[in-house]
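Heads up: the structure comes next, in structure tokens.
The values are calculated or read from the model by the stated rules, or taken from the named source; none is laboratory data. No experiment lies behind these values; they were computed from the predicted model shown. Backbone-built Cβ (ideal geometry, glycine too); neighbour counts: all protein chains shown.
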Amino acid sequence: MFQRILALFDGKEPITKLPPKEAKYALGALMVRTAKVDHAYLFQEVEQIDKILARRNGLNVVEAAKMRAQCELLEEELPDTADLAETLQGAISLEEREAMVAALWSVVFADGVEHEEEDALVAEIEALLGIDENTGQQIHDREMAKLPPNRDD
């Protein structure tokens with residue numbers, strides 16, 4: 001499966017839509033990339049990714065952890081974020097892209113700290129996925145509102 005995803009970016013095959021199963025892994029890889037962008041891949045972020053994968057894919061805790069591990073491997077092999085996000089834009093609906101951005105923000109907020117690198121990466125992904133700035137800000141604010149009130153900013 002990973003070979004098919006990677007083949008989309010190696011220039012040997014024309015870029016086509018990702019099948020739903022592969023798109024799920026690509027989405028997971030983007031969550032991992034977002035969590036790692038500040039050079040601190042923390043337990044809270046891993047835990048949040050697992051929760052999102054479990055909820056979105058109907059998995060139990062162990063299955064979600066296994067899927068995350070595969071997404072981590074895929075994230076290491078994938079080309080730059082722009083190519084991945086642009087491919088995903090054609091593979092998932094606008095509603096799904098907005099849900100993905102919400103998931104990315106929830107990963108950013110998982111450790112209680114919003115880093116500039118994370119903000120920049122999510123903003124880049126939003127733009128590449130065709131999410132306008134206003135909608136992106138609304139998603140950000142909605143996810144931030146879910147945080148406990150005693151969070152340090």
Among residues belonging to the range 113-153 that are among the acidic types (Asp, Glu) and free of Cβ contacts under 8 Å to residues at least 12 places away in the same chain, point out the one that is surrounded by the most Cβ atoms within 10 Å (Cβ to Cβ). ASP119
Quick count over the range 59-86, residues being in contact (Cβ under 8 Å) with a residue 24 or more places away in the chain and of a type outside the set (D, E, K, R), is 11
Please go through the range 83-110 and pick out each residue that is among the acidic types (Asp, Glu) and under 15 Å from GLN138 (Cβ atoms). GLU95, GLU98
Evaluate the following for ARG56: is it in contact with a Leu (Cβ under 7 Å, 6 or more places away or on another chain), buried (at least 16 other Cβ atoms within 10 Å of the Cβ) and free of Cβ contacts under 8 Å to residues at least 60 places away in the same chain? no
Check GLN89 against each of (1) without any contact (Cβ under 8 Å) to a residue 12 or more places away in the chain; (2) within 20 Å of ILE131 (Cα to Cα); (3) of a type outside the set (Val, Ile, Thr) and name the one condition it does not meet. (1)
Do you know which residues across the range 127-146 are within 19 Å of VAL113 (Cβ to Cβ) and assigned to a loop (DSSP other than H, G, I, E, B)? LYS146
Residue check, GLY112 within 16 Å of GLU45 (Cβ to Cβ) and either among the small types (Gly, Ala, Ser) or at pLDDT 95 or above (or both): yes
